[in-house]
Structure formats: structure tokens, C-alpha cells
Amino acid sequence: MEITHRVENEILMIAIKGRLDAATAPIADETIKKTLEENTSRLLFDLSALEYLSSGGLRVILGAAKEIRRREGKVALAGLTQYVYEIFDVSGFTAMIPIKETVEEGLKDLAS
Amino acid sequence: MTCTPFSLNAADMQSHKYSFELKSDLSELETLCQHLNKFGQVTGLSEACITDINICLDELFTNTISYGFEDDLEHIIRFTINLDNKVLTLIIEDEGIPFNPLEKKDPEIPADLIDVRIGGLGIHIVRKLMDDIRYERKHGKNKLTLKKFI
């Protein structure tokens, strides 16, 4: 599992690559919390290279999304594979977080 | 998501049984994935189906090692997968304390993200992806049997 981030037009983009499960969740959580310290209020998760997600990993993403909502900011997800989308869908979160097909669409959504 | 085997015709639809054991350590989640990829190769089940099986066994395994043992010793969790015609049966057994994950209530999914309580999602996902789940406590063992009709 690998996490990278960059800021574009005041939007924080976090890309998660590989497997996000109960084994990798603690390190992912710590890394993401650190990047959120930077007073961000717009967050885009790029999940195009996320190969596997279980509930342990889902909690990490939801935790960050909740934090941004608490700041009255905006959050979106982009690039979900079919499997990752299914996990968000069966958990009921596709109705709560905007999901965009591409990072570009996600950026556009958050910029508006 | 459907689980149709992509390369099987009626004659190929024989029964397959696959068993393996994992140690009670989260690092074994990768080994679980490797076993299921092997099972996928043998049976010709679609990648989508193997991923569904992987997620369900992952959630239950993670639950077991989080709540099922009272000491820090290494324990063994045994998995058996059976594909018989169109019925997929997954069995997970451990010798931990009596622990029935089905007693956990499904989380209520609220309308807004801010009200989400982050917990209990694993078993909720398993219930959604499988057609039947049963728990038994027999001979000092926890046994979970999951079924999916494919």
C-alpha cells in the first residue's frame, strides 16, 4: 500500500495504491491524518490504483471524509474500480459521498 | 456483481474442495489473497467472484483475530472452500472463545456522512455479498458456514 498526496488549486488530492485492509489501515490512517493537518477543506481521493478495500480500509477513508465535512468542506472520490465501488455501494456510502469517474471530474466538482 | 465462472461448461462443473490454514496475524491477509487466487485458477471462477470471497473471508478472519482470542499467543484459523455445481460454501473454524459475529446488529446507515458511526461494517458487507451465513459452536470450536449461489 502506498499513499501520495499533492495540492492543486487548494484541493488536496490523496492517492491510495495497492491493498487497503485491516493490516495496512493503521499506517494509512496515520499518513492521511498528517496530510489533513494542513487546514484543508477540499479533499479528493484518487482510488484508481486501489486494488483491494475491506471495511478496515473503508473506515480510514470515511474518517477523513467526516473530518472534512466537520470543517464544512467538500470531499469526493474518483477513479474507483468496480470492486472498490461495490464495497462503498453495499455499505451505503455511494449516496453520501460524490463519486466521479476521473480525477479531472473530481477536481472540477470540488472547484465549483 | 455476478459470480459466473467464465470458462466452465456443464461438463467442467465438477466439485472442487480447497483447504488452508492461517495464523492469527493480520499479515496473513496477503496469504489469504494468494490462496484465493489459486482457487480462482483451479475453478475458473471470475475475478469478481474471487474478490467477493476474499472480502468476506478477510472480514471474518479480521473479526476473529480482533475479538476471538483472549491471549496474545499464535492461533490457527482453518478455511475450507467448496464449489459444488452452483453452490459455493465457505467454512471458517477457530478454537477461540465463543464468538458469534452474527449477533452484532447491522449498523444503521444514516442519510448523512457526519452521522456515520464507523463500526460493524465488516459483517454488514459479508451479509450483503453472501446468500446465507450460519454460526455454530461445537466441540470447543467456532464454525461459520457461508453460502453463495452462483
By residue number, the members of segment A:70-89 that are surrounded by 20 or more Cβ atoms within 10 Å (Cβ to Cβ) and at the interface with chain B (Cβ under 7 Å from one of its Cβ atoms) are A:E86, A:I87
Here are some residues: B:I133, B:I150, B:I109, B:I123. Which one is at pLDDT 95 or above, among the β-branched types (V, I, T) and surrounded by 15 or more Cβ atoms within 10 Å (Cβ to Cβ)? B:I133
For segment A:44-51, check the following and say yes or no: at least one residue is at pLDDT 95 or above, assigned to a loop (DSSP other than H, G, I, E, B) and buried (at least 18 other Cβ atoms within 10 Å of the Cβ). yes
Segment A:76-102, residues that are within 21 Å of B:L129 (Cα to Cα) and assigned to a loop (DSSP other than H, G, I, E, B): A:L80, A:T81, A:S91, A:G92, A:F93, A:T94, A:A95, A:M96
So in segment B:109-150, with the set limited to residues that are touching a strand residue (DSSP E or B) at 6+ places or on another chain (Cβ under 6 Å) and acidic (D, E), which one is farthest from the other protein chains (Cβ to nearest Cβ)? B:E136
Any residue at all in segment A:27-40 that is surrounded by fewer than 16 Cβ atoms within 10 Å (Cβ to Cβ), within 13 Å of the chain's Cα centre (by Cα) and more than 27 Å from B:A48 (Cβ to Cβ)? yes
Identify, by number, the condition in (1) assigned to a strand (DSSP E or B); (2) over 29 Å from B:T31 (Cβ atoms) that A:R19 doesn't meet. (2)
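The values are calculated or read from the model by the stated rules, or taken from the named source; none is laboratory data. Just so we're clear, the structure is a prediction, and the values are computed from it rather than from any experiment. So basically every Cβ, Gly included, is an ideal-geometry build from the backbone, and we count neighbours across all protein chains shown.
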